[in-house]
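Colleague: One structure, as structure tokens, below. Some questions next.
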Amino acid sequence: MKSNLHVSTAAEAISAGQFARLGFDVSVQYGANQPEYDLMIAEGGRALKISVKGSNDGAWGLTQTQLARLKGANYQGAVDVWLTRHKPGTAFCLVQFKDVPVDAIPRMYLAWPHEIALRLKAAAGGRGDTTLFESRVRGPKASGAGTLERIPEDWRFSLSRIEALFQSAAASVIRTPE
């Protein structure tokens, strides 16, 4: 793809298509770079907001902006700031185009912001990182040299993962007394 705009547009369109393919109603938020979420999926009175992140290089840069604003290389702090900017009821759909033929569906993953934050904080041998890698072995001179960082299998886009997200969202709803 020629630009980040193409990657983002393709990721959102493919995500919407895959959710619809599984029978979910899909609403797309109008306009580029809208806050919090890109899609909303619904089924039987349940709804989830989805923030879509596309990549064509095997990784998703997520917290670089926050790291640049903090003094020193405070990767853990950058993740904390990133996490506060994302509402707990919005799930992420990570779409990976790297090495995917044009006639194939890209690899897709679903995760809550707090799940992503835990992975980012554990990266680089616990130093933390600004980038979530699909699968990467840290080089010999890197922090956490030799460690494998990989997105968990249970994050793979599937009907069972979507159902798990709906269930955990329902469980986290705080009911106020009437």
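Colleague: Percent of alpha carbon pairs in the chain separated by more than 22 Å?
Modeller: 48
Colleague: Can you find, among 44, 73, 54, the residue farthest towards the positive end of the dipole of the stretch 1-122? Put +1 on the C-beta of Lys and Arg, -1 on that of Asp and Glu.
Modeller: 73
Colleague: Tell me which GluC sites (Glu not before Pro) from the stretch 1-80 have a DSSP coil assignment and no more than 15 other beta carbons within 10 Å of their own.
Modeller: Hits after loop and neighbour filter: 36.
Colleague: What's the local net charge at residue 137, with K and R +1, D and E -1, over the other residues with C-beta under 11 Å away?
Modeller: +2
Colleague: To the nearest 500 deg cm²/dmol, what mean residue ellipticity at 222 nm is calculated for the chain from DSSP H runs of n ≥ 4 alone, each contributing -39,500 (n - 2.57), summed and divided by the residues?
Modeller: -10000 deg cm²/dmol
Colleague: In whole Hz, with x marking every Gly and Pro, tabulate ³J(HN,Hα) for the stretch 48-55 from phi via Karplus 6.51 cos²θ - 1.76 cosθ + 1.60, θ = phi - 60°.
Modeller: Whole-Hz 3J(HN,Hα) from phi for the stretch 48-55: 9, 8, 10, 9, 9, 10, x, 8.
Colleague: Can you work out D for the stretch 1-102 in µm² s⁻¹ from Stokes-Einstein, where Rh is the Kirkwood radius over C-alpha pairs, the temperature is 25 °C and the viscosity is 0.890 mPa s?
Modeller: It diffuses with D of about 163 µm²/s by this estimate.
Colleague: Quick query: amide H of residue 52 versus all other amide H atoms, modeled in the peptide plane; which residues come in under 5 Å with a sequence gap of 5 or more or a different chain?
Modeller: Amide H neighbours of residue 52, under 5 Å, 5+ apart: 38, 39, 93.
Colleague: Structure shown: which of 2/87; 49/98; 2/49; 71/98; 53/87 lie over 22 Å apart, alpha-carbon to alpha-carbon?
Modeller: Over 22 Å apart, Cα to Cα: 2/87; 49/98; 2/49; 71/98.
Colleague: Given a cut-off of under 8 Å on Cα pairs at least six residues apart, what relative contact order in percent is computed for the chain?
Modeller: 17
Colleague: Over the heavy atoms of residue 98, what accessible area does a 1.4 Å probe trace out, to the nearest 10 Å²?
Modeller: Probe radius 1.4 Å; accessible area of residue 98 about 80 Å².
Colleague: Right, another one. Given the Cα-Cα distance of residue 34 and residue 5 and 0.36 nm per residue of separation, how much length would full extension add, in nm?
Modeller: Computed gain between residue 34 and residue 5 is 9.1 nm.
Colleague: Charges on Cβ only, +1 for Lys and Arg, -1 for Asp and Glu, centred on the Cα centroid of the chain; of 88, 23, 120, which one is farthest towards the dipole's positive end?
Modeller: Positive-most Cα among the choices belongs to 120.
Colleague: What does the net charge come to around residue 99 if you take all other residues with beta carbon closer than 15 Å to its beta carbon, with K and R at +1 and D and E at -1?
Modeller: Once all neighbours under 15 Å are counted, the net charge is 0.
Colleague: What residues have an amide H closer than 5 Å to that of residue 147, excluding those fewer than 5 places away on the same chain, when H is modeled at 1.01 Å from N in the peptide plane?
Modeller: Distant-sequence amide H within range of residue 147: 138.
Colleague: Go ahead and run the numbers for FRET between residue 143 and residue 69, Cβ-Cβ distance against an R0 of 22 Å, rounding to 0.05.
Modeller: Rounded to the nearest 0.05, the efficiency is 0.55.
Colleague: So for the stretch 48-131, Kirkwood radius off the Cα pairs, Stokes-Einstein at 25 °C and 0.890 mPa s: how many µm² s⁻¹?
Modeller: Answer, rounded: 181 µm²/s.
Colleague: Pairs of Cα atoms under 8 Å, at least six residues apart: use those to get the relative contact order of the stretch 5-55, whole percent.
Modeller: After rounding, I find 38 percent.
Colleague: Please compute one quarter of the surface area of the Cα convex hull for the stretch 22-70 and express it in square nanometres.
Modeller: Directional mean of the projected Cα hull area for the stretch 22-70 stands at 5.3 nm².
Colleague: For the stretch 2-8, just list the computed ³J(HN,Hα) in residue order, Karplus coefficients 6.51, -1.76 and 1.60, θ = phi - 60°, integers in Hz, with x standing in for Gly and Pro.
Modeller: Listing the rounded values in order: 7, 8, 4, 4, 5, 4, 5 Hz.
Colleague: Still on this structure, please answer the following. Using each residue's phi in the stretch 133-149, evaluate 6.51 cos²θ - 1.76 cosθ + 1.60 at θ = phi - 60° and report the 3J(HN,Hα) Karplus result to the nearest Hz, with x for Gly and Pro.
Modeller: 9, 5, 7, 7, 9, 5, x, x, 9, 7, 4, x, 3, x, 7, 9, 10
Colleague: Also, quick follow-up: On full extension of the chain, what length is gained from residue 42 through residue 20, given 0.36 nm per residue of separation minus the C-alpha to C-alpha distance?
Modeller: Extending this stretch completely gives an extra 6.9 nm.
Colleague: Over the chain, with the other protein chains present, what is the accessible area per residue in square angstrom, probe 1.4 angstrom?
Modeller: Solvent-accessible surface per residue comes out at 58 Å².
Colleague: Mind checking the dipole of the chain: about its Cα centre, +1 per Lys or Arg Cβ, -1 per Asp or Glu Cβ, Debye to the nearest 20?
Modeller: 620
The values are calculated or read from the model by the stated rules, or taken from the named source; none is laboratory data. Since this is a predicted model, take the numbers as computed values, not measurements. No Cβ is skipped: glycine too gets one built from the backbone with ideal geometry, and neighbour counts run over all protein chains shown. The area values use the complete protein model at the heavy-atom level, side chains included, leaving out ligands, DNA and RNA. Shrake-Rupley method; radii C 1.70, N 1.55, O 1.52, S 1.80 Å.
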